[in-house]
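The values are calculated or read from the model by the stated rules, or taken from the named source; none is laboratory data. Only a predicted model underlies this, so the values are computations on that prediction, with no experimental measurement involved. Every residue, glycine among them, receives a Cβ derived from its backbone with ideal geometry; neighbour counts consider all protein chains shown.
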Amino acid sequence: MRLCLLLVAILAITFIYVSCNKHTIQKSTVSVNKVLNSWSYSTNPQLRTEFNFNEAQKVTTEETDSDISSYDFINDSVIIREFSKEEKRYVYEFKGRLDNQNKLISGTATSSYIPNTPDTVHHVFEYDKEGHLISEKRISFSSDTFRIGYEYEDDVVRKVSTYTSGILYNTKEFTYYDSDLSYDLPEETKFRRNINNLVGRSKQKLVKKVVSTGRNGKQKYILNYEYQMDENGYASRMISKKGKKVSGVTTFHYEPRLNDSKMSIVVK
């Protein structure tokens, strides 16, 4: 009987000890999610791109040493302007219409990067029933009309096809590393790199390989990508290679966003 009572007491003490330790671990865990706030390319590190955010974590400005792009949301529309620091003038303005999920439906861009040859381009965006961008049409008043088509598999872009005046110009096919990302990186093939998710969300993975093919079916290039991760598992450097030769390095920088349920880390 005494032995049974002793065992019960030991089990009770053990339960209390484990419970207290579990509680301590949980209390030392805070909810943290990092958000990309800047990046730079090894080919021109001076052109580092930096973001500024509002309280809703939308990008309000995108700034480099040479220009500033601003994003202004007004009801069901967005206005994007690009200001040239060197020329001290606006060189681009896009006025777009948003749907009830804040995705672009259409918009008109006027650009004057070369002052004496301004251009106006009308954009039309189409989505599938899951909300993925499947087509963007760019109708220029002074040059060719382009259509960019997107194909998905497992919720990520697998193929991008660009047509000019109805003729296939090139394709890019993508393969990815397996792990899903809990944060957004620039999507280079989408409108303005899909800053603020203007053309919708899709699952994000780290790109492993890109194969580009020209209009004649001839392969243009193959790029392979390797990554260096920071101590929290975020991609800090993206290394692109043609064969074994490094063709470029993109460096990513992040800032923490607290009280977000997407990710948690243990504070030491």
From THR171, THR175, residue being among the β-branched types (Val, Ile, Thr), more than 17 Å from the chain's Cα centre (by Cα), within 30 Å of ARG237 (Cα to Cα) and modelled with pLDDT of 95 or more: THR171
Given the structure, is GLY131 in contact with a Gly (Cβ under 8 Å, 6 or more places away or on another chain), within 29 Å of ARG257 (Cβ to Cβ) and part of a strand (DSSP E or B)? no
Run LEU133 past the list (1) over 18 Å from the mean Cα position of the chain (by Cα); (2) among the aliphatic types (A, V, I, L, M); (3) over 30 Å from GLU86 (Cβ atoms) and report the number of the one that doesn't hold. (1)
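Scan region 144-174 for residues that are among the polar types (S, T, N, Q) and in a loop (DSSP other than H, G, I, E, B) and jot them down. Spell out how you get there, then give the answer.
Our first condition is that a residue be among the polar types (S, T, N, Q); within region 144-174, this holds for 145, 161-162, 164-165, 170-171.
Those that are among the polar types (S, T, N, Q) and in a loop (DSSP other than H, G, I, E, B): THR145, SER165.
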Counted residues, region 71-82 - those being farther than 15 Å from ALA109 by Cβ and in contact with a strand residue (DSSP E or B) (Cβ under 6 Å, 6 or more places away or on another chain): 1
Going by the structure shown, is GLN228 within 21 Å of the chain's Cα centre (by Cα) and without any contact (Cβ under 8 Å) to a residue 12 or more places away in the chain? yes
Residues that are within 20 Å of ASN197 (Cα to Cα), aliphatic (A, V, I, L, M) and in a strand (DSSP E or B), drawn from region 48-97: VAL59, ILE68, ILE74, VAL78, ILE79, ILE80
Of the residues in region 107-129 that are surrounded by 14 or more Cβ atoms within 10 Å (Cβ to Cβ) and among the polar types (S, T, N, Q), the one that is farthest from the chain's Cα centre (by Cα) is SER112
Test set (1) in contact with a helix residue (DSSP H, G or I) (Cβ under 7 Å, 6 or more places away or on another chain); (2) at positive phi - GLU187 fails condition number: (2)
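Going through region 26-39 one residue at a time, which ones are part of a strand (DSSP E or B), among the small types (Gly, Ala, Ser) and either modelled with pLDDT under 95 or closer than 25 Å to THR110 by Cβ (or both)? Even if it seems obvious, please write down each step before you answer.
Filtering region 26-39 for residues part of a strand (DSSP E or B) gives 29-39.
With the extra rule that they be among the small types (Gly, Ala, Ser), the set shrinks to 31, 38.
Across region 26-39, the qualifying residue is only SER31.
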Considering residues that are outside any loop (DSSP other than H, G, I, E, B) and among the acidic types (Asp, Glu), the number found within region 175-223 is 2
Take the residues in region 166-200 that are farther than 22 Å from LYS218 by Cβ and of a type in the set (Lys, Arg); name whichever of them is surrounded by the most Cβ atoms within 10 Å (Cβ to Cβ). LYS190
